[in-house]
Amino acid sequence: MKNILLLEDLPEIRAWLKTLVLQVFPQSQISESARVHDALELITAVRFDLALIDLGLPDGSGVDVVARLRETQPEAQSVVVTIHDDDEHLFPALQAGAFGYILKEQAREAIAEQLSRMS
């Protein structure tokens, strides 16, 4: 069973990601957060295998969560899930320790395939 963190502020996107993650990893335990602050608290309480992290959040940047997860749980794979495909957004996340990134506009099947490679 995988412990997975979903950090996404938009409820409909978070629900869509959760459904997709459960299709790829049916036995997963999923912790959801809409804010950086709450995600950082979850990181102190739960050991994650995978974290899907949005970059633009109401109370900060998902890059901070990627960095903290890398620092405290280096075995966890952080994956940025974003609408941004430019260097200005992606390089800081990768430098902070993100394992990769998924563009929200990709086809559902392509995202599922990317996730399945992280098992």
Residue list for region 53-75, restricted to those being open to solvent by less than 10 Å² (accessible area, probe 1.4 Å) and among the aliphatic types (A, V, I, L, M)
53, 65, 66, 69
Given 9, 49, which one is modelled with pLDDT of 95 or more, of a type outside the set (A, V, I, L, M, F, W, C) and under 11 Å from the mean Cα position of the chain (by Cα)?
49
Output the residues belonging to region 97-119 that are closer than 16 Å to residue 83 by Cα, open to solvent by 50 Å² or more (accessible area, probe 1.4 Å) and part of a loop (DSSP other than H, G, I, E, B).
105, 106, 107
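Would you say residue 68 is in contact (Cβ under 8 Å) with a residue 24 or more places away in the chain and not polar (S, T, N, Q)? Please lay out each step first, then the result.
Values: in contact (Cβ under 8 Å) with a residue 24 or more places away in the chain: yes; not polar (S, T, N, Q): yes.
Yes, satisfied.
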Of the residues 21, 79, which single one is open to solvent by less than 20 Å² (accessible area, probe 1.4 Å), touching a residue at least 24 places away in the same chain (Cβ under 8 Å), closer than 14 Å to residue 118 by Cα and assigned to a helix (DSSP H, G or I)?
21
Single unsatisfied condition, residue 41 versus (1) in contact with a strand residue (DSSP E or B) (Cβ under 9 Å, 6 or more places away or on another chain); (2) without any contact (Cβ under 8 Å) to a residue 60 or more places away in the chain; (3) within 22 Å of residue 104 (Cα to Cα)
(3)
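The values are calculated or read from the model by the stated rules, or taken from the named source; none is laboratory data. Not measured: the values here are computed from a predicted model. Positions of Cβ are generated from backbone atoms using ideal geometry, with glycine treated the same way; all protein chains shown enter the neighbour counts. Remember, those area values only see protein heavy atoms, side chains included, never the ligands or the DNA or RNA. Shrake-Rupley method; radii C 1.70, N 1.55, O 1.52, S 1.80 Å.
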